[in-house]
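The values are calculated or read from the model by the stated rules, or taken from the named source; none is laboratory data. These numbers were taken from a predicted model, which means no experiment stands behind them. No Cβ is skipped: glycine too gets one built from the backbone with ideal geometry, and neighbour counts run over all protein chains shown. Remember, those area values only see protein heavy atoms, side chains included, never the ligands or the DNA or RNA. Shrake-Rupley method; radii C 1.70, N 1.55, O 1.52, S 1.80 Å.
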Amino acid sequence: TLKDQLEKCAASQKDYDARYPAFSSAAAQYNSAVGSMKTEVGEAWETVHDAEEKVQNARDALDAAGENDNISELQAALSAAEAELQEAEEALEETVDTHRTALSTKKQEAESRRTEYLNALTDLRKNLEIAKANAIKAQESTREVREQGAELIGNVVKTANDGAKASYKKNTETLSELQKASEQSGNSQAAYLWEQEAKKNKENEVKWDNMETVVDKGSDSVKSAADKVAEFSDEALAEKFDVLLKEIDEKIDEVN
């Protein structure tokens with residue numbers, strides 16, 4: 001179950017890896033467009049501001065005009081300043097509209113990619129959360145195997161050594177009894193293994209003179225496997241998953 005879930009995590013990771021570049025690129029393009037808009041709109045606002053000052057100065061000059069001042073000339077200057085202001089305001093509006101349209105398209109693309117990326121990130125987190133639970137269950141199972149295995153190995157060694165000292169018939173009987181006992185206890189796996197040994201014993205029709213050697217080698221093999229099981233069951237997997245989950249949570253917060 002844990003293996004299957006880790007494969008799902010790998011698939012989620014692959015999807016996440018594929019989604020990130022598209023989201024990052026779309027976000028960069030949007031941010032770049034925002035930067036261009038701020039610059040150009042800012043410049044357009046400066047032009048409007050300068051034109052507004054010219055209009056105000058022209059009005060002030062007209063208001064302060066005396067008998068000796070050329071009124072028509074001052075009025076013409078005001079009209080020119082007002083025309084310049086109108087042109088600047090229209091240019092500002094056009095600049096804003098142009099960028100607004102471009103930004104809208106880029107923003108939609110960025111939002112779409114962001115949603116896909118966030119979904120992939122959330123899916124990866126979900127699968128990692130399940131994998132963490134499965135890892136803990138797997139470790140609990142292997143710890144049970146270790147506890148039961150020590151007693152089981154001792155029983156197998158004793159039975160095998162006793163069998164080596166007995167006749168072929170006695171070996172067969174012993175193995176058959178162990179098979180039945182396993183069946184009665186509901187341990188179908190052990191029953192199957194004892195059944196196979198009984199068949200092998202009947203087929204060979206010889207004493208297992210080298211049983212003690214076989215048992216020693218078998219015990220070494222089982223011990224090696226047990227060491228690997230112990231290494232897995234004692235590993236701090238939950239803590240490792242927590243580190244990954246924390247990293248993903250930080251990424252989700254950042255994206256949001």
Completion exercise
Under the 7 Å Cα-to-Cβ spin-label approximation, residue 202 and residue 177 lie apart by a distance in nanometres of 1.8
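Go ahead and run the numbers for FRET between residue 39 and residue 86, Cβ-Cβ distance against an R0 of 30 Å, rounding to 0.05.
That gives a FRET efficiency of 0.80.
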Problem - Of 126/228; 132/199; 3/246; 14/106; 132/200; 107/246, those spanning more than 32 Å from alpha-carbon to alpha-carbon - result: 132/199; 132/200
Handout entry: Within straight-line cross-link reach of residue 202, aspartates and glutamates at Cα separation under 13 Å, skipping those fewer than 8 residues along the same chain
Key = 173
Completion exercise
Diffing segment 39-53: the Karplus 3J(HN,Hα) column from phi (6.51, -1.76, 1.60, θ = phi - 60°), in whole Hz with x for Gly and Pro, holds 5, 5, 5, x, 5, 5, 5, 4, 5, 4, 4, 4, 5, 4, 5
Practice task
Rank by packing, highest mean first: peptides 65-74, 94-103, with packing defined as the count of other Cβ atoms within 10 Å averaged across residues.
Solution key: 94-103, 65-74
Problem - Cα-derived Rg over Rh, computed across segment 24-110 with Rh taken as Kirkwood radius - result: 1.29
Fill in the blank from the handout: At R0 = 30 Å the Cβ-Cβ FRET efficiency linking residue 29 and residue 252, nearest 0.05, sits at 0.85
Practice task
Report residue 1's accessible area, 1.4 Å probe, all protein chains in place, as a number in Å² to the nearest 10.
Solution key: 130
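Within the set of other residues whose C-beta is less than 15 Å from the C-beta of residue 184, count the net charge using Lys and Arg as +1 and Asp and Glu as -1.
-2
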Handout entry: Computed over segment 67-152, the ratio Rg/Rh where both radii use C-alpha atoms and Rh is Kirkwood
Key = 1.77
Exercise for the section: Be a star and scan segment 28-42 for residues whose amide nitrogen sits under 18 Å from the point 7 Å along the Cα-to-Cβ vector of residue 93. Expected result: 41-42
Completion exercise
Within the under-12-Å Cβ sphere about residue 117, not counting residue 117, Lys/Arg +1 and Asp/Glu -1 give a net charge of -2
